[in-house]
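Chemist: My structure is below; once you've seen it, I'll send some questions.
The values are calculated or read from the model by the stated rules, or taken from the named source; none is laboratory data. Owing to the predicted nature of the structure, the values given are computational and were not obtained by experimental measurement. Don't worry about glycine lacking a Cβ; one is built from the backbone with ideal geometry, like all the others, and counts go over all protein chains shown.
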Amino acid sequence: MVFLSVPVGPADASEIKSLSFNVKELVVSDTLAATTPEEMGIILQATYTDGSVEDVTAECQFTTTKTDVIEYSSGLLNIKKAGKGVLEASYGEKKAKININVLGNIATFEVSPDVTITNTLQAGSSLKGKAYLTFSGQNKTLDVSKYCAWTSDDESVVTVKNGAIKAVGVGQTQVHVDFSLPGYAGETQKTIDIAVIAKIKKLTSEEKEYNVIKGTKLKLPVIYAETSEGTSEIDAEFKISNKKILEINSETNEFTALATGTAYLSASYAGKTVRVTVRVTNASADPLTFKPVSPASVSIGKSISMPQVYQGKNNITKFVAYENKSPDSINIENNKIYGLAVDPAATIQYSFNGISSNYIVNVAESYKDLKVSPSPVNMNANEAVQLQCTAKNSAGEVISVGSANGLKFSSSDEDKVMVSAEGLITAVSPGMGVKITVSLGNLKSTVTVNAAPSSGMSLTTSSAYSGTSIGSYTLPAGDKANIYAWATDAANATNITSYCSWVVGNSDILTVSNGLIQAKKPGQTDIVVTYGQKTARLVVTVTTSFTLAAEVNSITLYGTDDDNTDLPGLTVTYADGVVVQLANNGEGITWSSSNANIAAISGTKIDARRIGSTKINGEYKGKKVVIDVTVKSTVKSIYASSNSITLVQGGTSPFRIYAILEDNTNSEVTGQCTFAYSPNDGKVVVDPAAGTVTAADDSQKLNYTITVTYKTQTVPVTVTVVDAVSSFYCDIDNKVESPYSIPLTGDSEGMFTVRIYPGNTAAITLCADGSPLSASAQALAEVISSYPSRIKAAYNTGTNKWEITALGGNDSTASIYVRYQGKLVKFKAIIKSTSASPPKFITSYPGTSNITQTSFDLVVQLNELGKAYYVVVANDANAPSAAEVKNGKAYGGAAAIASGSIDVDQAATNKSATINMGLSADTDYDIFVVAEDNDSTPNLQAVPVKAEVKTLPLPALTVGSDTISEDAANDGSITATQVITLANGIFASDMSTGVSVNNLPSGMGISVTRDSDTQITIVFTGKANNHLNANDVNNASVTVLQAKITGAVSDVTSNSFTLDFDDSPVSDFTAVTDDSSAGGSGQWTLTVTPHTALAGADAVVITTSDADFALTSVADGDVTVNTDDTPNLKTSAAVSDNGNGTHSLTITVNVAVDAEEAITVTIADDEITNPDAGTYASAFGVKTNRDTISKDASVTIN
């Protein structure tokens, strides 16, 4: 049954506004027994003027029309026969009607897909199910899909909604379809078996191609399906492209090569196909060859793959026989050759069709655990070192190995270090980190060779060689320092720090590792550094630990002419508490710039060179400080954060000075300014570091002038000192709950609550000592809300007042803090709901927008803040209650297609939700929406409101021409174009790809032009290889990829059209009789030569125009000659093969001519049994004319 969505409400009104049934139409069987309207589910509802709704079924009066179909009598509704009737109800002065559709002769309840088989789907695919009724003796069905309950046994495998079946996971399950029709006693449940397989990406074959000898029989290749879950073997269906070359035996799963040539094995499964090429050749006398070529090599205990065997170009590996002639040396197993014992010529003999060839395998000794010493090698230039190498043989013995065992050596840099075939290393020139690779079969070992300069050894504190070696070094306890070792000669200096041995005399004072010294406690010791035969000694003194700090950490310079800024002094703080101040040029202090192009060191000054940032580095006894230096543009002018400041006695205000630079950027310079005061009584003082100005408690109540100077720029600032207020309070203006004017003083929080209606604003007037503050003083106050997202506090420069505004959220509470001159007033503000009634939808809401094939936006507006709940159900489904909608349920607690809620945080403002789950294209849906407010006890609407929506249809393609014909040249080309029109979508901007014509003949191609958003034109290129009339394509169509159509959910294919080809054109010719008078007779000899179309001609049809023209005889075959208009038939014709691909035909006809007549001779490709209904391959006319009679006329058809 189809139920009308009607809201239900309280029955407490007195005046009826309207009367209505709960359903639009009732569908029942003609076998339904007499019953009451209530038992049939019919409810009559009265709607009152206050909006309430009441069930009045029991009190109303019923009547019926078309009483031959239905009749209401004695409180019962009687079903008489199939048809349509109307049930009318009256209650008071109001009436309502309902249509009743009575179905008769219901035969069966059916569903699709097929319930007799297991339907297979790939994961992710969908299938549209359908339920329908059939009727006895009627060729029609009734779709009842939306009246059925569709359920899946396992929703992890298949989900189903309103017949839309979607495969979601691999497995098997059943979909049940249940149908209920009042009075119908037939079968009402169907079960659909569904198997879901993983989505197949592609099929692959174990064999890509075969090259076989005629007569060979092989197993069919193993086929694998590749899915997201992995690759597995499948049972594919095989077909062959040429049954003359190959034959498949499905029982033995084999194929046989019958004849020479190339054919294809096609394996198909679940819509996917893979093709394997099979080339069949005759047996050959060519010798056998191998890849890899003979001889091959293998070590004892190792293996190599068997070779591929060829005869000519054919790979015959699968067909050859082989014999191991050296079983003591090699073993063959699982297509592998294993080495057993040393043998330089182990032999495998291969045989095929009487031809033999030997494959030689060199079995060598096997080694492991290759070891090389010394490693690493630290040496000087011009020295030589011999490498010693050992390995374990196959018997497990450790032996010395050399070139005789296959040992090989190579150098990564032979210009510096050379190595001989026997492993003698020679350092030709200095070079560190040269790699010597030692190889023994598959074994490899690498030795690092460091060849240092041979003359001397130096120590430095820098990672760049300075040319001067240090003998001593000082650093404080707890510090670290890097010392670098160098090997030198006249031309080279090589860093050998990491290659040296570092030994410290007293490890209690310091430790050292690879040149890194870590000082532990005060004292003195030495470090001995050794490399080969070279040594160096360093005396290290460890002093008491200290920290180093600069007077400032950052300096800003303005303009590239700024060269008068001093370097900062340094402070040394020792661990025992001693502090020493050092001037910037103190003994032992060094300074450097990280980038002297930006700022350089000039004596004790910093010299600005270029705009940018760099670092100035100071160092003292191994300790370092870093000062950030920024060079900015030249200062144009300066300004204060405020040129006029009001302070109370004892008050403080922010005070900062900014420079405007040549590049129009600003920079704070407060700390680099000088300040002059007038009067200069010391009562008003600027603190540059803190960025403040303060008036003393006993400062004069007058205007102070502060003159600020930075470089050559000055700016005056006025500071006005006023009395401090003794009392401070706030007045709250209107738009709040009574009383309208409320003086608040001190901490009023907990004593008083200001209630503001949603969306309203309350102004705060700040007062001191009995009167409102001035506008400038109002702005100096600070008002803070503890819940600014609900209740906002802001200063209104238009009214010169602070305001608090209720942004939303009934009963939301915030603490409001008002500060002025150190005094504080606190009170609470709460947003008060204006009504205890539920919210209302603004006119025209709810509504929908942004509708697509599978989604839409639900849009609502409420007259107050709150929340809107919604459910989406099938079109014309029963209306759920308000509580059901809020709980996300359809009528009766059933599952909704979609459900959710929308937060309405602003009244009379669009709020929306996108619904994109469970929707199908081109489908009507009902949306039921109910709203409630944000009160602490929310008020929910009693009646849900219904909105309707229909999703957009899927994109569709339509061809412009049903038939596209071959050009008149009859050469297989087509110049006619096909125009494709798109509905319900937009073509992509580039349509040169992504378009294909299905069943396009071989030899032809296409090019595509985009005409507009909804039209493309296809031009056919090339020429069809086969273009006789018999080659017509009646099922051509156009497919456009999904990515090329906006709105498409899959590839889109057009309706079909025909590609029409013609046979070769045939010319008319004239054949005449030798008698020029009416009633005469004679003989026609018709010669057609030469023409390729005659190759398949099986019959000739001769047609006369009327009975006056008689055919008396036809040579060369049996002919029945009729004297009426019936065509005459010759069952065989003298067709001659000319040997050049063309054929000739000669027909001799004896005729009697009574008047000017015309006959037609038709050559047909197939034997014709009924000429009137036959299809002819080609035709030409034969015309007689008494005035132009000549004998034996002949013509050539081009």
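Chemist: Pick from Val722, Val629: which is in contact (Cβ under 8 Å) with a residue 60 or more places away in the chain, over 30 Å from Asn595 (Cβ atoms) and of a type in the set (A, V, I, L, M, F, W, C)?
Modeler: Val722
Chemist: Is it true that Asp68 is loosely packed, with under 14 Cβ neighbours inside 10 Å and over 60 Å from the mean Cα position of the chain (by Cα)? Before the answer, list the steps.
Modeler: Working: loosely packed, with under 14 Cβ neighbours inside 10 Å: yes; over 60 Å from the mean Cα position of the chain (by Cα): yes.
So Asp68 fits the description; yes.
Chemist: Separate question: Please list, ordered by first then second residue, the pairs with beta carbon atoms under 6 Å, 6 or more apart or interchain, first in region 303-331 and assigned by TED's automatic domain parsing to the domain that holds Lys208, second aromatic (Phe, Trp, Tyr) and modelled with pLDDT of 95 or more.
Modeler: Listed pairs, sorted by first residue: none to list.
Chemist: Here are Ser899, Ser912: which of them is buried (at least 19 other Cβ atoms within 10 Å of the Cβ), small (Gly, Ala, Ser), part of a strand (DSSP E or B) and within 38 Å of the chain's Cα centre (by Cα)?
Modeler: Going through Ser899, Ser912 in turn, the sole match is Ser899.
Chemist: Checking Val1008 against (1) surrounded by fewer than 17 Cβ atoms within 10 Å (Cβ to Cβ); (2) farther than 30 Å from Ala879 by Cβ, which test does it fail?
Modeler: The single condition Val1008 does not satisfy is (1).
Chemist: Among Asp628, Asp663, which is the only one that is in a loop (DSSP other than H, G, I, E, B), acidic (Asp, Glu) and not assigned by TED's automatic domain parsing to the domain that holds Leu475?
Modeler: Criteria check complete, one pass: Asp663.
Chemist: Another question about this same structure. Just one of the numbered conditions (1) assigned to a loop (DSSP other than H, G, I, E, B); (2) of a type in the set (Val, Ile, Thr); (3) at pLDDT 85 or above is not true of Thr31; which one?
Modeler: Every condition holds for Thr31 apart from (3).
Chemist: Just to be sure I understand the filter: pairs with C-beta atoms under 7 Å, separated by 6 or more residues or on different chains, first member in region 61-79 and in contact (Cβ under 8 Å) with a residue 60 or more places away in the chain and assigned to a strand (DSSP E or B), second member surrounded by 11 or more Cβ atoms within 10 Å (Cβ to Cβ) and not acidic (Asp, Glu). Which pairs pass?
Modeler: Ile79/Val28; Ile79/Leu32; Ile79/Ile70; Ile79/Val102; Ile79/Gly183
Chemist: May I pose another question? Quick one: which of Val945, Val930, Val904 is over 37 Å from the mean Cα position of the chain (by Cα), hydrophobic (A, V, I, L, M, F, W, C) and either in the same structural domain as Trp150 (by TED's automatic domain parsing) or buried (at least 17 other Cβ atoms within 10 Å of the Cβ) (or both)?
Modeler: None of the others qualify; the one that does is Val945.
Chemist: Let me ask something else about it. Considering only residues that are assigned to a loop (DSSP other than H, G, I, E, B) and in contact (Cβ under 8 Å) with a residue 60 or more places away in the chain, look in region 879-896 and name the one that is surrounded by the fewest Cβ atoms within 10 Å (Cβ to Cβ).
Modeler: That would be Ser881.
Chemist: Taking region 362-398 on its own, how many of its residues are among the β-branched types (Val, Ile, Thr) and loosely packed, with under 14 Cβ neighbours inside 10 Å? First the steps, then the outcome.
Modeler: Pass one, region 362-398, residues among the β-branched types (Val, Ile, Thr): 363, 372, 377, 385, 390, 398.
Going one step further and asking which of them are loosely packed, with under 14 Cβ neighbours inside 10 Å, we end up with 398.
The qualifying residues number 1.
Chemist: Quick one: count up the residues across region 1015-1051 that are of a type outside the set (Phe, Trp, Tyr), more than 25 Å from the chain's Cα centre (by Cα) and either in a strand (DSSP E or B) or modelled with pLDDT of 95 or more (or both).
Modeler: So the count comes out to 13.
Chemist: Scan (1) among the β-branched types (Val, Ile, Thr); (2) surrounded by 13 or more Cβ atoms within 10 Å (Cβ to Cβ); (3) in contact (Cβ under 8 Å) with a residue 12 or more places away in the chain for the single condition Thr159 breaks and write down its number.
Modeler: (3)
Chemist: Going by the structure shown, is Gly972 on the phi > 0 side of the Ramachandran plot, buried (at least 17 other Cβ atoms within 10 Å of the Cβ) and at pLDDT below 95? Break it down into steps so the answer makes sense when it comes.
Modeler: Values: on the phi > 0 side of the Ramachandran plot: yes; buried (at least 17 other Cβ atoms within 10 Å of the Cβ): yes; at pLDDT below 95: yes.
Against the criterion (on the phi > 0 side of the Ramachandran plot, buried (at least 17 other Cβ atoms within 10 Å of the Cβ) and at pLDDT below 95), Gly972 qualifies.
Chemist: Checking Thr151 against (1) within 50 Å of the chain's Cα centre (by Cα); (2) free of Cβ contacts under 8 Å to residues at least 24 places away in the same chain; (3) not in a loop (DSSP other than H, G, I, E, B), which test does it fail?
Modeler: Going through the list (1) within 50 Å of the chain's Cα centre (by Cα); (2) free of Cβ contacts under 8 Å to residues at least 24 places away in the same chain; (3) not in a loop (DSSP other than H, G, I, E, B), Thr151 breaks only (2).
Chemist: Which one of Tyr658, Tyr677 is among the aromatic types (Phe, Trp, Tyr), in a strand (DSSP E or B) and within 57 Å of the chain's Cα centre (by Cα)?
Modeler: Result of the check over Tyr658, Tyr677: Tyr658.
Chemist: For a quick check of your reading: which strands (runs of 3 or more DSSP E) sit entirely within region 257-324 and have at least 2 residues that are hydrophobic (A, V, I, L, M, F, W, C) and over 22 Å from Ile213 (Cα atoms)? Break it down into steps so the answer makes sense when it comes.
Modeler: Working: elements: 261-269, 272-281, 288-291, 296-299, 303-305, 308-311, 321-324.
Qualifying strands (runs of 3 or more DSSP E): 296-299.
Chemist: Kindly provide the set of residues from region 188-239 that are more than 30 Å from Ala107 (Cβ to Cβ) and among the hydroxyl-bearing types (Ser, Thr, Tyr), ordered by number.
Modeler: Thr204, Ser205, Tyr210, Thr216, Tyr224, Thr227, Ser228, Thr231, Ser232
Chemist: Hey, another quick one. For Glu619, which of the numbered conditions (1) within 30 Å of Ser472 (Cα to Cα); (2) modelled with pLDDT of 90 or more fails to hold?
Modeler: All conditions pass for Glu619, except number (2).
Chemist: Ok, one more. Would you check which residues across region 36-59 are outside any loop (DSSP other than H, G, I, E, B) and within 16 Å of Ala89 (Cβ to Cβ) and list them?
Modeler: If the condition is that a residue be outside any loop (DSSP other than H, G, I, E, B) and within 16 Å of Ala89 (Cβ to Cβ), then Leu44, Gln45, Ala46, Thr47, Val53, Glu54, Asp55, Thr57, Ala58, Glu59 are the ones that fit.
Chemist: Is it the case that Leu582 is closer than 30 Å to Lys521 by Cβ, surrounded by 14 or more Cβ atoms within 10 Å (Cβ to Cβ) and outside the structural domain of Ala689 (by TED's automatic domain parsing)?
Modeler: Criteria met by Leu582.
Chemist: Residues to consider are Lys199, Lys190; find the one that is among the basic types (Lys, Arg), under 30 Å from the mean Cα position of the chain (by Cα) and closer than 25 Å to Val158 by Cβ.
Modeler: Of the residues listed, the single one that is among the basic types (Lys, Arg), under 30 Å from the mean Cα position of the chain (by Cα) and closer than 25 Å to Val158 by Cβ is Lys199.
Chemist: Of the residues that make up region 808-823, is at least one among the aliphatic types (A, V, I, L, M), modelled with pLDDT under 85 and more than 49 Å from the chain's Cα centre (by Cα)?
Modeler: Residues of region 808-823 among the aliphatic types (A, V, I, L, M): 814, 816, 818.
Going one step further and asking which of them are modelled with pLDDT under 85, we end up with 814, 816, 818.
Still in the list and also more than 49 Å from the chain's Cα centre (by Cα): 816, 818.
Yes - at least one qualifying residue is present in region 808-823.
Chemist: Would you please name the residue that is modelled with the highest pLDDT, looking only at residues in region 527-544 that are more than 30 Å from Ala384 (Cα to Cα) and surrounded by fewer than 18 Cβ atoms within 10 Å (Cβ to Cβ)?
Modeler: Once the filter is applied, the top-ranked residue is Val539.
Chemist: Which condition breaks for Ser299 when tested against (1) of a type in the set (Gly, Ala, Ser); (2) surrounded by fewer than 16 Cβ atoms within 10 Å (Cβ to Cβ); (3) touching a Gly at 6+ places or on another chain (Cβ under 8 Å)?
Modeler: (2)
Chemist: Of the numbered conditions (1) of a type in the set (A, V, I, L, M); (2) in a strand (DSSP E or B); (3) in contact (Cβ under 8 Å) with a residue 60 or more places away in the chain, Val580 satisfies every one except a single condition; which is it?
Modeler: (3)
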